[in-house]
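Read through the structure below, which is laid out as structure tokens, and then see the notes.
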Amino acid sequence: MSRLPANLQELRTALAEGERRFPGLRLGDLDGVDLDLAACDLHGGCFKEARFGRAILRGANVEGCCFQQALIWGADLSALQARGSHWHEADLSGSRLQGADFSGALLHRACLRGVVAAGSLWRQARLVEADFRSGLDQLTDLGGSDFHGADLSFALLQGAQLHGADLRTSCLYGANFTGADLREADLRGCDLRDVQLGGAMLEGARLDGAPFPPA
């Protein structure tokens, strides 16, 4: 298209006409509740403080985008391409993230409570103080997810499902895995001395070179 939409109405019109390429789109504080952006190319855009509750971004490309403080609760972000994107203090609670790729993304203090994110990728992502606790009516499912080399310092993962997750060499300083399901998870190379693991299930977990807190 010749120019990018300047507001929500122009965006809805372009979508209705079948347009799916919006690289560099900047619509901060957008009210995009229930918006269907499936398979859209939004890379390099900025949606700071936007509201995408129940929106559909399935398979969309948001690499390098800024979603700082955005509200994206209950949205469909499955298969999202989000490498190198920014989600500082964003709220993605209750969203579907199956197969999404957040490798290298910045998610400091992001709220990810109750997300359904089996098989998602978080390699080298910065998840300092991220909140992955299970929601009141939704278990956080991170089964089989890849956190290789991620920074999960002070992250909250109480009760989270991490069965078979890859956490190799990730930074877990101050992280809370109380009651989490870490069965068959790969924790090789992780320093667990300052990690809360009370009640966590560790059957079959790979723990080579992972020092535990002193008894």
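Within region 148-159, residues that are among the hydroxyl-bearing types (Ser, Thr, Tyr) reach partners that are part of a strand (DSSP E or B) with beta carbons closer than 6 Å, at six or more positions or on different chains, in the pairs SER153/CYS171.
GLY135: modelled with pLDDT under 95, part of a loop (DSSP other than H, G, I, E, B), small (Gly, Ala, Ser) and surrounded by fewer than 24 Cβ atoms within 10 Å (Cβ to Cβ), yes or no? Talk me through it step by step, then tell me what you get.
Values: modelled with pLDDT under 95: yes; part of a loop (DSSP other than H, G, I, E, B): yes; small (Gly, Ala, Ser): yes; surrounded by fewer than 24 Cβ atoms within 10 Å (Cβ to Cβ): yes.
In short, yes.
Criterion first (free of Cβ contacts under 8 Å to residues at least 24 places away in the same chain, of a type outside the set (Ser, Thr, Tyr), assigned to a loop (DSSP other than H, G, I, E, B) and over 18 Å from GLN81 (Cβ atoms)) does GLY99 satisfy it?
Numbers: free of Cβ contacts under 8 Å to residues at least 24 places away in the same chain: yes; of a type outside the set (Ser, Thr, Tyr): yes; assigned to a loop (DSSP other than H, G, I, E, B): yes; over 18 Å from GLN81 (Cβ atoms): no.
Answer is no for this residue.
Pairing each residue of region 189-215 that is under 14 Å from GLY174 (Cβ atoms) and without any contact (Cβ under 8 Å) to a residue 40 or more places away in the chain with any residue that is part of a loop (DSSP other than H, G, I, E, B) and of a type in the set (Phe, Trp, Tyr), provided the two are 6+ apart or on different chains, yields C-beta distances under 6 Å for LEU192/PHE212; ASP194/TYR173; LEU197/PHE177. Within region 173-185, residues that are hydroxyl-bearing (Ser, Thr, Tyr) reach partners that are not in a loop (DSSP other than H, G, I, E, B) with beta carbons closer than 8 Å, at six or more positions or on different chains, in the pairs THR178/GLN196. Considering region 140-194, and only residues there that are among the hydroxyl-bearing types (Ser, Thr, Tyr) and surrounded by 24 or more Cβ atoms within 10 Å (Cβ to Cβ), the residue that is nearest to PHE212 (Cα to Cα) turns out to be SER170. Would region 10-32 turn up any residue that is within 22 Å of HIS148 (Cβ to Cβ) and of a type outside the set (S, T, N, Q)? No, region 10-32 has no match at all. The residue of region 13-72 that is nearest to the chain's Cα centre (by Cα), among those that are crowded, with 21+ Cβ neighbours inside 10 Å and among the β-branched types (Val, Ile, Thr), is ILE72. Residues in region 115-132 that are buried (at least 24 other Cβ atoms within 10 Å of the Cβ) and under 16 Å from GLY159 (Cβ atoms): 4 in all.
The values are calculated or read from the model by the stated rules, or taken from the named source; none is laboratory data. Fair warning: this is a prediction, and the values are worked out from it, not measured in the lab. Using ideal geometry, Cβ is built from the backbone for each residue, glycine included, and neighbour counts are taken over all protein chains shown.
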